[in-house]
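Please treat every number below as a calculation from the coordinates, not as lab data. Small disclaimer: the values here were computed from a predicted structure and weren't measured. Positions of Cβ are generated from backbone atoms using ideal geometry, with glycine treated the same way; all protein chains shown enter the neighbour counts.
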């Protein structure tokens, strides 16, 4: 035999040369087998890893803090690059943090998902939204820019989900205020 305990023999994969069942370690890692033995093996390995990680964390309590202090500029640069390359994700993170502070139920969505789902017409006045216009209030051309409006406002018990969000012109959204659209 190959020395693998019987409980860690893959139930599916067989070695071509010997005709014996492969070990779960090999079978799961190389072929991503999902037989019951391989699943048990993976679970047991995960428990071992978590236990050793917890022990490591106890021995090195300030590791991440020290790393952040030593690599402050590197982390800041990586963060700046990520934010530049992922403006939609950054906006989603900011929105989620705001909703968390208000204790409002929320779900993840992107502006592109809202546009894809509901189109690029303002749901209040039903005119085309200029998606290239600035979204910042007060800058030139902001009135026709895109705002995401909550149909049932957060202040009236609405939730922050795809079903409650619609695209609108900035000016239409601000005129509507915290009223529900009839």
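A few notes on this one:
- Legend: ranking of residues 10, 125, 172 from fewest to most surrounding C-beta atoms inside 10 Å; resulting order 125, 172, 10.
- Förster radius 25 Å - calculated FRET efficiency between residue 135 and residue 78, Cβ distance, rounded to 0.05: 0.45
- Rounded tilt (10° steps) of 36-59 against the dominant C-alpha axis of the chain: 70
- Relative contact order (%) - the stretch 100-182, alpha-carbon pairs under 8 angstrom, separation at least six: 32
- Global form of the stretch 62-103, assessed from the alpha-carbon gyration tensor, a/c cut-off 1.5: oblate
- With R₀ fixed at 41 Å, the C-beta to C-beta distance from residue 29 to residue 96 puts the FRET efficiency at about 0.70.
- Treating r as the C-beta distance of residue 110 and residue 181 and R0 as 22 Å, the FRET efficiency rounds to 0.45.
- Contact order relative to length of the chain, as percent, for alpha carbon pairs under 8 angstrom and 6 or more apart: 13
- This ranking places 147, 169, 17 by how few other beta-carbon atoms lie within 10 Å of each, fewest first, which gives 17, 147, 169.
- Kirkwood-Stokes translational diffusion coefficient of the chain, alpha-carbon pairs, 4 °C, 1.567 mPa s, µm²/s: 59
- Relative intensity of the stretch 29-90 on a log10 scale, I(q)/I(0) at q = 0.12, 0.20, 0.23 Å⁻¹, equals -0.65, -0.81, -0.86, per a Debye sum over C-alpha point scatterers of equal strength in the absence of solvent.
- Stretch gain in nm, segment residue 161-residue 53, where the contour uses 0.36 nm per residue and the Cα spacing is subtracted: 35.2 nm
- Direction-averaged projected area, Cα convex hull, the stretch 107-176: 4.6 nm², rounded to one decimal.
- Relative contact order, whole percent, for the stretch 6-57 stands at 32, derived from Cα pairs under 8 Å and 6 or more residues apart.
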